[in-house]
Amino acid sequence: MRRTDPASGPPPQASGGQERRRHDRRSGDRRQAGNPQAQDTLFGASEFHSGTDSFFDPGWLAAGDGPADSRFLLRQARRAAQAQDSALTRIFRTYAAARAAVGVGLVAVQGAGSLLGARHSEWMALISVAYAVQAIVLWLLPRFGALAQPPQDVWHRRRQWLATIGVDLLAFTLLHVLAVSATFNFTALLVLPVLMAGVLTSRLLALGTAAAVALMLLLVASRSVLDGADSQLLMLQSGLAGLGLFIITLLSGELAGRLAGQELAARGSLELARQQAQLNRLVIEEMADGVLVIDRQLRVRAANPAARALLAEQGLSPPAPFTLRDRAAWIELQQSVELALAEGTWPEAGRDTLLAFEGGHTRTLRMRVRFMRSRTPQARAAAPAEDHAGEPFAVLLLEDLRTLQARIRQEKLAAMGRVSAGIAHEIRNPLAAISQANALLLEEELPLAQQRLARMVADNVARLKRLVDDVAEVAPGLAPTARAIDAAAEVAAAAADWARTAQMATGAGSRLRVEVPVTPLAVWFDSEHLRRVLVNLLDNAQRHASDQPGAICLRLAARDEASAVLSVLSDGPPIAPEIERYLFEPFFSTRSRGSGLGLYICRELCERFGASIEYRLRPAAERLRNEFAVSLRRVAAAGTDHPPPP
């Protein structure tokens, strides 16, 4: 693995990622400043926690009840995530502090030697003091902080090298030369600039630095030989020292390269983990199912919005953390969780649990449990029995049983609709043949009894034809195109046609009262389909309304700028609650000869055009208590050719 050289500057392709990570760190620091607890967990350090909007409890893994190795990993990950500088930059800062310490040590040695009566060269003292001042100033003053950052160009690289390694080489070389005849040996100090050259500079420059120091040692040894010293011993010592410097340079460069590579890989892995955690958080918060993380003390450590909505009668329950013992309505849920944590098992399909709120309101939840196993089977087997009596954490997946049943019904209805459409298509041809054959029989002179039988056949054929048409109307196919229509004109015309067909008189004493605006009211729908919906609702109202004047009321009005309401009211007896839940389901009818498709067709047609239909029971003080209301989308602006998506 090649070494990353800070002196050569960061690679161009990495600059964007570094800027993004610095922006992420600044964003994380701002969030942590507003939430002190977020700094105590991995969620806060690596932006897995998103403040008060998140369903994560800031301290649920750092509260001291997790395994020791987990807390250690959390601290290490937090430290790595919060580090704003690279490892080589921190090494350089440590190097600057070490230079200051060496400078102070040199001055202290010179002073201590003078107090003990040792004779030192004034030049050595001056060099030591100058080096100490330069090292301390470079270390302490903020204006020189740029020297501790990875240089971006050649000028800054040269400036950084001269201010640190160059000054060290010059000062230590002068001290070594001046101390040849003295009692102190400064050769060991030369290791520091050679070592840092191998860590912080390119390999060529580092080897050049080691070679220069080795040549200097040999030259100083040669001068000592001229002064009468032992030539073989001095040259051997200098050669071995130079060889050691080369080895130190190569080893430090290799270790620095590995360190830079590992740090780069760690930061990349951390970035991927952060993105994955954010993705998981978004997915869980948007889930329709409730998600709870609960420990063995029944503390809810995490809860997504869907779970908080299921646990409250209205609105949302308090955000995590909270305990299942806080409310009496959760007593059965609490007992189920205790059983699951104690046994460590739960049926794959889940079990039903009941929430009994105040006022008699209840909610049945389908509860599935998944366990967070924090230890290996070997570790669990070796642990004391009281330690593995239950799982440390459980993930609860909650779903309202009514929602589950409605989804199952919808799936069954969709499958039944496809089958019914196929059957209806196959019935059309033989039904047409029967109708034509019966019509031919009626043209003949038949006895009275046979004529009655032929008319019965004709009536039932017509009934079957209407049923086939109804099934084909809601069969899956191409979505119809919504058009801007004048609902006021269409509703008035359809009501008049229906009254003539039903042989219902119009006027002040009529059973039907029509209230539509006199000005146009543009909505997104289809004229024929709107007429079909209106006729079905009026037929249904006629069957159950009384014969009194005004027993049926057709009303159209604008609700706001975006919607209009079409209502059909009648004075028939209120619909029982046990029947109301099945009103819009196919093939459900309270009449023996009814197909049960009228209201179902109304709902399907409304949904195709982005409208909705519902049944409302009006207050007891009103005469017309039964109301079927259709909410239509208004055309926002004149001249709009295409409707908005439903």
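The values are calculated or read from the model by the stated rules, or taken from the named source; none is laboratory data. On a predicted model such as this, the values are computed, not experimentally measured, just so you know. Here Cβ is always computed from backbone atoms with ideal geometry, including for glycine, and neighbour counts include all displayed protein chains. The protein model used for the area step is the full one, side chains on, heavy atoms only, and it has no ligands, DNA or RNA in it. Shrake-Rupley method; radii C 1.70, N 1.55, O 1.52, S 1.80 Å.
With a 1.4 Å probe and all protein chains left in place, how much of the accessible area of region 196-323 comes from carbon and sulfur atoms, in whole percent? Working shown, then result.
Numbers: 4380 of 6530 Å².
In region 196-323, the share of accessible area belonging to carbon and sulfur is 67 percent.
Find out how many positive minus negative residues lie around P347, taking Lys and Arg as positive, Asp and Glu as negative, among other residues whose Cβ is under 13 Å from that of P347.
+1
Largest first, what is the accessible-area ranking of E604, E411 with a 1.4 Å probe? Show your work: numbers first, answer last.
Working: E604 40, E411 115 Å².
Greatest to least solvent exposure: E411, E604.
Hey, if we sort F371, F186 by accessible area with the 1.4 Å probe, largest down, what's the order? Mind showing how you got there, number by number?
Working: F371 40, F186 15 Å².
Heavy-atom accessible area, descending, gives F371, F186.
For region 229-284, would you read off the P(r) tail past 13 Å as a percentage of all alpha carbon pairs?
On the way: 1128 of 1540 pairs.
Value for region 229-284: 73 percent of Cα pairs lie more than 13 Å apart.
Report the convex hull volume per residue for region 193-347, counting only C-alpha atoms, in Å³. Walk me through the numbers on the way to the answer.
Values: hull volume 33.6 nm³, N = 155.
Hull volume normalised by residue count: 217 Å³.
Would you mind calculating the relative contact order of region 217-376 from Cα pairs under 8 angstrom and at least 6 residues apart, reporting the percent as a whole number? Display every interim value, and only then the final one.
Details: 146 pairs, mean separation 17.1, N = 160.
So the answer I get is 11 percent.
In 10 Å bins starting at zero, report the fraction of Cα pairs in region 509-568 per bin as a rounded %.
Spelled out bin by bin, region 509-568 gives 20, 49, 27, 5 percent.
If you roll a 1.4 Å probe over the heavy atoms of the protein chains, what accessible area per residue do you get for region 253-325, in Å²?
Working: 3590 Å² over 73 residues.
I get 49 Å² per residue for region 253-325.
Mean 1/r over all different Cα pairs, inverted: what Kirkwood radius does region 494-593 give, in Å?
Values: mean 1/r = 0.0660 Å⁻¹.
Across region 494-593, the inverse of the average 1/r is 15.2 Å.
If I ignore ligands, DNA and RNA and count only protein heavy atoms, how much of T481 is accessible to a 1.4 Å probe, in Å² to the nearest 10?
Estimated to the nearest 10 Å², T481 gives 100 Å².
I'd like the accessible area for Y582: 1.4 Å probe, protein heavy atoms, all chains in place, Å² to the nearest 10.
The accessible area comes out at roughly 80 Å².
Tell me which GluC sites (Glu not before Pro) from region 251-287 have a DSSP coil assignment and no more than 11 other beta carbons within 10 Å of their own.
Working: sites: E254, E263, E271, E285, E286; in loops: E286.
Listed in order of number, the matching sites are E286.
How many Å² of accessible area per residue for region 502-583, probe 1.4 Å? Before the final figure, lay out the partial values.
On the way: 4110 Å² over 82 residues.
Accessible surface, normalised per residue, equals 50 Å².
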